[in-house]
Amino acid sequence: MKHADEVKRESGRRTRRSFLVGAAGVVGGYEFYRWIDRANGDQLLPYPLRKALNLNGKVFGEGALAPTYDVSKSVELRINGNYGLKQDLVPESYRLQVVGVEGAEKRPGYVADVTAWDYKYVAERAKYEGHDTKVAPKDAGGPAAGQATQKPGGNAGSAKDMNKGAATGDKTQAMPVAKPDGGAQAVGPDAPPKEGPGPQMTPEFEKAFAAYREARKDKPERGQEEAGESDSTLDPNTPGLLLTMEDVLKLPKQELVTQFKCIEGWSEIVHWGGVRLRDFIAAYPPARNDKGELPKYVYMETPNGDYYTGYELSECMHPQSLLATEMAGKPLAQMHGAPLRLHMPIKYGYKQIKRIGLIAYTDTKPDDYWTKLGYDWYAGL
Amino acid sequence: MEQEAETPEQGQQEQKPSTGAEIEAGQEADAAVEHAVGEVLPIAGALPVLNLVEAEPAHKEPVDGCEESLALERKHPLAIRWMHWVNFPVLFTMIWSGLLIYWNDSDNAYKHPHEVYRVGVGSLTLFRFFPDWFYTNRLWDVRYKVTTGLGYHFFFMWLFAINGVLYVAYLLWSREWKFMVPQRKSLKEAIQVTLVDLHLRKGLPRQTKYNGAQRIAYSSVIVMGLGSLVTGLAIYKPTEAHWLTTVLGGYEMARWEHFWLTIGFCAFFLVHVGQVVLAGWNNFRSMVSGYELRPAEEPSIEAKRRKF
């Protein structure tokens, strides 16, 4: 039997050693956390976290079929977010711009500049009094009300609903384009480039930018929401197709009853009708690039460019990716994205763009509205 | 923490109970629970060393003015300690980032899914998760940070999963699970332990490494961890893993389960930390250094371990 104080000495040695190692572990863990938190932002998210999201997108894939439900379980989808929809579109003025189609010049609907198409809006802003705001109408005393002072003011502010989730976060202040009040104005064509008062631009850039502004002179301002204008938006004089809804509806009709999931945390079963995106892509196939490869991505945006989304081509080929024209057996309402919106049960709602004005095939990973504000690019379910 | 390789042997030599009676005691430890010797052991530490002196004074040598027979017992293997402590900040990050995500739906005029996250019966709600003060107060503000929450949650989920899988794999490989999995008598023991904690009873059941309450709690929390991974996957990938989501009762149900498992972790944490505080320094230290000072007469953990 060992002497008790010998045992205690032994214990003391072990204790000191292990607590030193433990302290080093605590420091290491803290440094690890700081490394993430202070890492450079990749679209408002520290890049290790962004990398993890992208990795997850690859790991989990998006190949499975979403479960479908009986129509009797479906409801009319709640309206949540109105970017690109703030004015009612005159239906007759609708055209779907399609860019990057194989042999576009020989197809009906070809124009040398799709961006020249003038969408007409009902002069008055869409009267929308529904649940489209984070500020609960009957709950003025809640935390949301306290937040209201920080919200972008005016009409647009009260309607900016889900963007608060990203944009009022602590990182928002670092975002050059998203300032409460007037932030939208700051990103119009007359505003300085997005870098703001950063480094001086080269004369070449200034010249090109002046030409861009000149070309867009009499066009409505674009990118008036918090994420600003899309980097993937079309340059003036981009050739492509201008399709009518008649052209789109020539494709076989498809119905789908699936669960719509919002990243806010809610879900609803919705009955959709429309045409499959893969059928559309088959009818208007992407042109191959110089290497003979298909473009990797598809980019979509609203006619006014306020909302925009990006996808991988393979995701658009998913059999349940739907260019929706109907909801709950009725034509889409304007606030649901009439005349054409996307439904993709393999992705969260923020990828299911309403009122598609442009479908473009591209080899460059396109800009995406909520990705720019720190959300996952894939948003895969 | 130190290298483990050299220690078991060392430990054996140092602490090996020398009398046949003690080895017997070690073997009989499980069976001997019934006669919970009044002054034997508090829950997991803070040893009343002096009491035991009287119990068996035969071969004691006077040390520092008191008599005792101490052994340095290897209680927690190195791997278990590392994984335990790694899990602590990782699980904390998962819960914190989960809260940032959870808040997002409360900032919504519909407030639909949150209606089910409550304590109540029928139309009577005693508590809703969460009241406003919980989201924003002097200590924290979890509002409008959902992208941070999502980013951390879907990064740290890997660390949580990998650490958990390694932990279970180690338990199986090292057979430490035999200390941990509840036994037939564990429930009875757990009730006894609870009664002692509530000062309704005196005398804890005899134990080697863990008592019945600990066995049940630690095993449950591992199952809960698995549950969080499974329900989390069902929420994160309800299309890719739709079979899993369906098995769990659907998307909303999986969210509900994920939420209550998280509340369960928080409850576990509170009880766990409370018990560690009550058990005292010797016990806490063993989770860092691996070694606990125990009266040599106690049933030896290491002896038991070798018999697995």
**Report entry** Single residue of A:Ala324, A:Ala360, A:Ala328 found to be touching an Asp or Glu at 6+ places or on another chain (Cβ under 7 Å) and small (Gly, Ala, Ser)
**Finding:** A:Ala328
Report summary line: Of those in the stretch A:47-102 that are among the charged types (D, E, K, R) and within 19 Å of the chain's Cα centre (by Cα), the residue farthest from A:Glu326 (Cα to Cα) is A:Lys51
Report summary line: Within the stretch A:283-313, the residues that are within 25 Å of A:Gly380 (Cβ to Cβ), of a type in the set (A, V, I, L, M, F, W, C) and outside any loop (DSSP other than H, G, I, E, B) are A:Val298, A:Met300, A:Leu313
Query raised in the report: Got a sec? Which of A:Leu53, A:Leu49, A:Leu89, A:Leu96 is at the interface with chain B (Cβ under 9 Å from one of its Cβ atoms) and touching a residue at least 40 places away in the same chain (Cβ under 8 Å)?
Result: A:Leu53
Requested in this report: State all residues of the stretch A:38-97 that are among the polar types (S, T, N, Q), within 22 Å of A:Gly223 (Cβ to Cβ) and assigned to a loop (DSSP other than H, G, I, E, B); if no residue qualifies, say none.
Outcome: A:Gln43, A:Asn80, A:Asn82
Query - Test result for B:Glu292, part of a loop (DSSP other than H, G, I, E, B), farther than 20 Å from B:Trp158 by Cβ and within 14 Å of chain A (Cβ to nearest Cβ) - result: no
Query raised in the report: Of the numbered conditions (1) more than 10 Å from chain B (Cβ to nearest Cβ); (2) charged (D, E, K, R); (3) touching a residue at least 40 places away in the same chain (Cβ under 8 Å), A:Glu31 satisfies every one except a single condition; which is it?
Result: (3)
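Okay, residues lined up against (1) buried (at least 20 other Cβ atoms within 10 Å of the Cβ); (2) at pLDDT 90 or above; (3) more than 10 Å from every other protein chain (Cβ to nearest Cβ):
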residue: B:Leu244; (1), (2), (3): no, yes, yes
residue: B:Gly249; (1), (2), (3): no, yes, yes
residue: B:Met253; (1), (2), (3): no, yes, yes
residue: B:Trp260; (1), (2), (3): no, yes, yes
residue: B:Gln275; (1), (2), (3): no, yes, yes
residue: B:Asn283; (1), (2), (3): yes, yes, yes
residue: B:Ala303; (1), (2), (3): yes, no, yes
residue: B:Lys307; (1), (2), (3): no, no, yes
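Residues are listed down the side, and each one gets a yes or a no for (1) over 24 Å from the mean Cα position of the chain (by Cα); (2) within 14 Å of chain A (Cβ to nearest Cβ); (3) under 27 Å from B:Ile80 (Cα atoms); (4) among the polar types (S, T, N, Q):
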{"site": "B:Arg128", "(1), (2), (3), (4)": "yes, yes, no, no"}
{"site": "B:Val142", "(1), (2), (3), (4)": "yes, yes, no, no"}
{"site": "B:Phe160", "(1), (2), (3), (4)": "no, yes, yes, no"}
{"site": "B:Phe179", "(1), (2), (3), (4)": "no, no, yes, no"}
{"site": "B:Ile191", "(1), (2), (3), (4)": "no, no, yes, no"}
{"site": "B:Pro205", "(1), (2), (3), (4)": "no, no, yes, no"}
{"site": "B:Thr208", "(1), (2), (3), (4)": "no, no, yes, yes"}
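Conditions tested, residue by residue: (1) more than 30 Å from A:Asn54 (Cβ to Cβ); (2) modelled with pLDDT of 90 or more; (3) of a type outside the set (Val, Ile, Thr).
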{"residue": "B:Ser106", "(1), (2), (3)": "no, no, yes"}
{"residue": "B:Gly122", "(1), (2), (3)": "yes, no, yes"}
{"residue": "B:Thr148", "(1), (2), (3)": "no, yes, no"}
{"residue": "B:Gly151", "(1), (2), (3)": "no, yes, yes"}
{"residue": "B:Gln192", "(1), (2), (3)": "yes, no, yes"}
{"residue": "B:Leu198", "(1), (2), (3)": "yes, no, yes"}
{"residue": "B:Leu204", "(1), (2), (3)": "yes, no, yes"}
{"residue": "B:Lys209", "(1), (2), (3)": "yes, no, yes"}
Query raised in the report: Do we have any residue at all in the stretch A:246-258 that's among the polar types (S, T, N, Q) and within 14 Å of chain B (Cβ to nearest Cβ)?
Result: yes
**Report entry** Subset tally (residues that are more than 23 Å from B:Tyr291 (Cβ to Cβ) and surrounded by 16 or more Cβ atoms within 10 Å (Cβ to Cβ)) for the stretch A:1-44
**Finding:** 4
Report task. Please verify whether the stretch A:340-362 includes one or more residues that are in contact with a Phe, Trp or Tyr (Cβ under 8 Å, 6 or more places away or on another chain), more than 14 Å from chain B (Cβ to nearest Cβ) and surrounded by fewer than 23 Cβ atoms within 10 Å (Cβ to Cβ). Result -> yes
Query raised in the report: When B:Gly249 is evaluated against the numbered criteria (1) in a helix (DSSP H, G or I); (2) closer than 30 Å to B:Ile101 by Cα, which criterion, by number, is the only one it fails?
Result: (1)
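So in the stretch A:322-368, with the set limited to residues that are among the small types (Gly, Ala, Ser) and over 16 Å from the mean Cα position of the chain (by Cα), which one is modelled with the lowest pLDDT?
Let us first name the residues in the stretch A:322-368 that are among the small types (Gly, Ala, Ser), namely A:324, A:328-329, A:333, A:337-338, A:349, A:357, A:360.
Still in the running and over 16 Å from the mean Cα position of the chain (by Cα): A:324, A:328-329, A:333, A:338.
Details: A:Ala324: 96, A:Ala328: 93, A:Gly329: 92, A:Ala333: 90, A:Ala338: 87.
Among those residues, the one meeting the criterion is A:Ala338.
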Report summary line: The one condition A:Asp368 fails out of (1) surrounded by fewer than 24 Cβ atoms within 10 Å (Cβ to Cβ); (2) within 14 Å of chain B (Cβ to nearest Cβ); (3) of a type in the set (Asp, Glu) is (1)
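Out of all the residues in the stretch A:346-381, which are assigned to a loop (DSSP other than H, G, I, E, B) and among the hydrophobic types (A, V, I, L, M, F, W, C)? Show your work before the answer.
Keep residues of the stretch A:346-381 that are assigned to a loop (DSSP other than H, G, I, E, B), which gives A:346, A:348, A:352-357, A:363-368, A:373-379, A:381.
A:Ile346, A:Ile353, A:Ile356, A:Leu373, A:Trp377, A:Ala379, A:Leu381, listed by residue number.
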Query raised in the report: Just to be sure, is A:Pro295 more than 14 Å from chain B (Cβ to nearest Cβ) and either at positive phi or within 23 Å of the chain's Cα centre (by Cα) (or both)?
Result: yes
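Take the stretch B:81-96 and flag every residue that is more than 10 Å from chain A (Cβ to nearest Cβ) and over 15 Å from the mean Cα position of the chain (by Cα). Don't jump to the end; show me each part of the working.
Filtering the stretch B:81-96 down to residues more than 10 Å from chain A (Cβ to nearest Cβ) leaves B:83-84, B:87, B:91-92, B:94-96.
Passing the criteria: B:Met94, B:Ile95, B:Trp96.
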Query raised in the report: Any residue in the stretch B:221-234 that is in contact with a helix residue (DSSP H, G or I) (Cβ under 7 Å, 6 or more places away or on another chain), among the β-branched types (Val, Ile, Thr), part of a helix (DSSP H, G or I) and within 13 Å of chain A (Cβ to nearest Cβ)?
Result: no
Report task. Tell me which residues, restricted to the stretch A:229-260, are part of a strand (DSSP E or B) and under 16 Å from A:Ala324 (Cα atoms). Result -> A:Leu243, A:Lys253, A:Gln254, A:Glu255, A:Leu256, A:Val257, A:Thr258, A:Gln259, A:Phe260
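The values are calculated or read from the model by the stated rules, or taken from the named source; none is laboratory data. If you're wondering where the values come from, they're calculated on a predicted model, not measured in any experiment. A quick note on method: Cβ atoms are made from the backbone with ideal geometry, for glycine too, and the neighbour counts reach across all protein chains shown.
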